[in-house]
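Visitor: Structure in structure tokens, see below.
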Amino acid sequence: MADGIQYIGRFLIILGIIIVAVGGLLLFSGKVPWLGRLPGDIIIQKKNFTFYFPLATSILLSVILTLLFWIIGRR
């Protein structure tokens, strides 16, 4: 029983750290001029319609997060 509570506590702490990190990224993402404007990001603009799909940015963030989690998981 005590192991389950410790597991839940550890999970909540890790979840909180992840939420803080994502919040920080969202705050500072406007200050990184190339984020969301990489070659390969798809932008289609018409009269009353704009479609934006950050394909290259998504791939770059995926690679960075994969490497980060791989490094953290090696411990």
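Visitor: List the residue pairs whose Cβ atoms are under 9 Å apart, where the first residue sits in segment 45-58 and is without any contact (Cβ under 8 Å) to a residue 40 or more places away in the chain, the second is assigned to a helix (DSSP H, G or I), and the two are 6 or more positions apart or on different chains.
Guide: Going by the 9 Å Cβ cut-off, the qualifying pairs are 54/61.
Visitor: Any chance segment 30-44 includes a residue that's part of a loop (DSSP other than H, G, I, E, B) and on the phi > 0 side of the Ramachandran plot?
Guide: Taking segment 30-44 and keeping what is part of a loop (DSSP other than H, G, I, E, B), we get 32-41.
With on the phi > 0 side of the Ramachandran plot added as a condition, the list becomes 36, 40.
Yes: one or more hits.
Visitor: May I pose another question? Of the conditions (1) outside any helix (DSSP H, G or I); (2) surrounded by fewer than 10 Cβ atoms within 10 Å (Cβ to Cβ); (3) modelled with pLDDT under 90, residue 3 fails just one. Which one is it?
Guide: Failed condition: (1).
Visitor: For segment 23-75, give me the residue count where each residue is within 10 Å of the chain's Cα centre (by Cα) and surrounded by fewer than 10 Cβ atoms within 10 Å (Cβ to Cβ).
Guide: Here the count works out to 1.
The values are calculated or read from the model by the stated rules, or taken from the named source; none is laboratory data. Being a predicted model, the structure only gives us computed values, none of them experimental. Every residue, glycine among them, receives a Cβ derived from its backbone with ideal geometry; neighbour counts consider all protein chains shown.
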